[in-house]
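Worksheet: the structure to be examined is printed underneath.
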Amino acid sequence: GVSGRIGYRNNGDEISRLSSLFNEMMDELERSFNRQRQFIEDASHEFRTPIAIIEGHLKLLNRWGKNDPAVQEESIAAAIEEIVRLRKLSDQLLDLSEETQYPNQTDSEPIDPERIAIELIRNYRMLYPQFTIEAKLTKGLHINVDGHHLHQLLIILLDNAIRYSAKNHYVKISILDVGEHVQLSVEDKGIGIDKKDIPFVFDRFFRVDKGRGRNEGGSGLGLSIAKRLTEKYGGEIRVESNVGLGTKVTLVFPLL
Ligand code: ADP
């Protein structure tokens, strides 16, 4: 870790104040180093599994694939799936680091979130015909969020709503005018999130159920990216959920 603290006797003089300030700064620096190290460890861990799976399948193909079409088919499909996962993961990591590096670039044109929602709903209905995708959208509200970022935010919420709703194929998206704010929410009737897990869903790489989350294609990064993006525009993100009943994620932005 970061070593070196100043030992001092607190006499309330200038030297003790400076020493105490120095020690506090070193503590903060150490916490920040630890967070970085944890982040790198977590990220490497997320990369390691897909890479190992791809390696395994390529070895299988190399050994048996030439004469066995079944091995070819299965191994190629599995490798492609893992490569898609790696691509998403690296995109998401890039998003996170861009948000960290440029936290306050919010000089965007006001947009009407309804336009973006309409387009997304059309695409999701096409992609997931088995889902009932309900919409309750208020038109003509304007918020100060970059259109590309709002698109990205809604995709994170919609993908989760769909991913964690294996049984009850229902998603509702709404845009409401609430006083000085616009509320955008995505609601599902899926598996829900346990009360004890809700505080952690915005942590990087957090998944309620490590194994299952991975099978659903999750990396545990979506909501941490969503939180950063939302807060960048002065907004707030909230999660309400009940196990077995469903989840509602709400974004609140100042109305222009
Ligand atoms: P992931 O990519 O794993 O979905 P997120 O950061 O988007 O990562 O979400 C963190 C975790 O919160 C998920 O792994 C999942 O366990 C839980 N979660 C998120 N959205 C929902 C939802 N709509 N329904 C149930 N669980 C959810």
Segment 222-245-segment 143-208 distance, computed between alpha-carbon centres (Å): 7
Report for the chain the percent antiparallel among DSSP-assigned beta bridges with both residues inside it, nearest 5. 80
Using the Cα centre as the reference, give the magnitude of the dipole from point charges on the C-beta atoms of the chain (Lys, Arg: +1; Asp, Glu: -1; all else neutral), rounded to the nearest 20 debye. 780
For HIS181 and ARG37, calculate 0.36 nm times their separation in residues minus their Cα-Cα distance, and state this gained length in nm to one decimal. 48.1 nm
Segment 118-193, dipole about Cα centre (Lys/Arg Cβ +1, Asp/Glu Cβ -1), debye to the nearest 20: 360
Scaled by the rule-of-thumb 2.2 N^0.38 Å, the alpha carbon Rg for segment 142-200 gives a ratio of 1.29
Calculate the FRET efficiency for ASN242 and LEU127 from the Cβ-Cβ distance with a Förster distance of 30 Å, rounded to the nearest 0.05. 0.65
Going through LYS136/LYS248; LYS139/LYS189; LYS196/LYS232; LYS189/LYS232; LYS59/LYS88; LYS172/LYS248 one by one, the pairs whose alpha carbons sit over 18 Å apart turn out to be LYS139/LYS189; LYS196/LYS232; LYS189/LYS232; LYS59/LYS88
Normalise the Cα radius of gyration of segment 56-171 by 2.2 N^0.38 Å (N = residues in it) and let me know the number. 1.49
Taking a cut-off of 18 Å between Cα atoms, list the aspartates and glutamates near LYS227, but don't count ones fewer than 8 places away on the same chain. ASP91, ASP95, GLU98, GLU99, ASP146, ASP159, GLU187, ASP197, ASP203, GLU236, GLU240
Can you divide the C-alpha Rg of segment 1-95 by 2.2 N^0.38 Å and report the result to two decimal places? 2.03
When 1/r is averaged over all different Cα pairs and the result inverted, which Kirkwood radius in Å belongs to the chain? 21.2
Taking amide H positions as placed 1.01 Å from N in the peptide plane, with prolines and chain starts having none, which residues 5 or more places from ASP209, or on another chain, fall under 5 Å of its amide H? none
Nearest 20 debye, what's the magnitude of the dipole of segment 1-140 about its Cα centre given +1 on Lys and Arg Cβ and -1 on Asp and Glu Cβ? 380
With 0.36 nm assigned to each residue of separation and the Cα-Cα distance removed, ILE80 to ILE51 gains 9.3 nm
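Rule-based calculations on the coordinates, nothing more; no lab input. Bear in mind that the values here come from a model prediction, so they are computed numbers and not experimental data. We place every Cβ from the backbone using ideal geometry, glycine too, and count neighbours over all the protein chains shown.
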